[in-house]
1. Residue 23 - would you say it is modelled with pLDDT of 70 or more, in contact with a strand residue (DSSP E or B) (Cβ under 7 Å, 6 or more places away or on another chain), surrounded by 12 or more Cβ atoms within 10 Å (Cβ to Cβ) and more than 30 Å from residue 142 (Cβ to Cβ)?
2. So which residues in the stretch 148-161 are surrounded by 14 or more Cβ atoms within 10 Å (Cβ to Cβ) and part of a loop (DSSP other than H, G, I, E, B), if there are any at all?
3. Output yes when any residue across the stretch 167-182 is assigned to a helix (DSSP H, G or I), touching a residue at least 12 places away in the same chain (Cβ under 8 Å) and in contact with a helix residue (DSSP H, G or I) (Cβ under 7 Å, 6 or more places away or on another chain), and no when none is.
4. Can you find a residue that is crowded, with 18+ Cβ neighbours inside 10 Å, over 19 Å from residue 165 (Cα atoms) and modelled with pLDDT under 75 anywhere in the stretch 52-67?
5. Just give me the residues in the stretch 183-225 being part of a strand (DSSP E or B) and either surrounded by 13 or more Cβ atoms within 10 Å (Cβ to Cβ) or on the phi > 0 side of the Ramachandran plot (or both), in sequence order.
6. Return the residues of the stretch 122-136 that are in contact with a strand residue (DSSP E or B) (Cβ under 6 Å, 6 or more places away or on another chain) and either modelled with pLDDT under 85 or under 12 Å from residue 151 (Cβ atoms) (or both); say none if nothing qualifies.
7. Please pick out the residue among 260, 180 that is loosely packed, with under 13 Cβ neighbours inside 10 Å and modelled with pLDDT under 90.
């Protein structure tokens, strides 16, 4: 097969797109251009995050959102330029848009919904990279990446949960660290009725003051909640800005310290007890074997 025959195969029109005839050479050329555009988009996004936006005062979430949006813009513009480069008239894209509309009607609604939801998340930023979110069903973790289709959430068990973007828009999501990284923790504890409430308050505040992960401002506080059935119930309230992603660890530290402090000062943590009063004596018969 001669070079002229090979060239003829590549340049032979295969089908018509609008007013433009598409050949095998056109498809190969567009594929190369598309790959180049994708690589350029990723490069621009990476340079923006690591070399440009990293030097600004923007937080990590804002840097990520800006880099993502710019990357999408570069991708779209590159594809349009690529189509013009290979000779495809942009007016013929109306045909593609019509075909895409039919495809959406037959099952691409979810994909488009997730993509649009991703753009809304990047624009409005209800969640950002680095936020700690609670999705319900005991799924709590740190937002690692916001993609075009889904958001990646890493739990404390090092399990990556892939969540469709539409769930963040249409569902209820608890964001622990949105805007302000400070989070308040509540530690409940009960003491016996023979304990001095004022001493209990003093000891709980000492425990909070001794923990390096507890903020001094806002200051820790103690609330005398109620007179329970078997105990006087208190609640230690503390603030932390760097333990939101390790809430269980801080609660454990405080519980250990409270136990040690109460034991040292003779404060008893009771367990539920019940007293049974009989109005009439009950005769118990014991039969010998």
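The values are calculated or read from the model by the stated rules, or taken from the named source; none is laboratory data. Worth saying up front: this structure is predicted, and the values here are computed from it rather than measured. All Cβ positions, even for glycine, are placed from backbone atoms using ideal geometry, and neighbour counts span all protein chains on display.
1. Yes.
2. Passing the criteria: 148, 149, 156.
3. Looking for residues that are assigned to a helix (DSSP H, G or I), touching a residue at least 12 places away in the same chain (Cβ under 8 Å) and in contact with a helix residue (DSSP H, G or I) (Cβ under 7 Å, 6 or more places away or on another chain), one finds at least one in the stretch 167-182, hence yes.
4. For the stretch 52-67, residues crowded, with 18+ Cβ neighbours inside 10 Å, over 19 Å from residue 165 (Cα atoms) and modelled with pLDDT under 75: absent.
5. Filtering the stretch 183-225 for residues part of a strand (DSSP E or B) gives 183-191, 221-225.
Once the filter is applied, which keeps residues that are part of a strand (DSSP E or B) and either surrounded by 13 or more Cβ atoms within 10 Å (Cβ to Cβ) or on the phi > 0 side of the Ramachandran plot (or both), the stretch 183-225 yields 183, 185, 187, 189, 190, 191, 221, 222, 223, 224, 225.
6. Initially, the stretch 122-136 is screened for residues in contact with a strand residue (DSSP E or B) (Cβ under 6 Å, 6 or more places away or on another chain), giving 127, 129, 131-134.
Hits for the stretch 122-136 are 127, 129, 131, 133.
7. The unique qualifying residue is 180.
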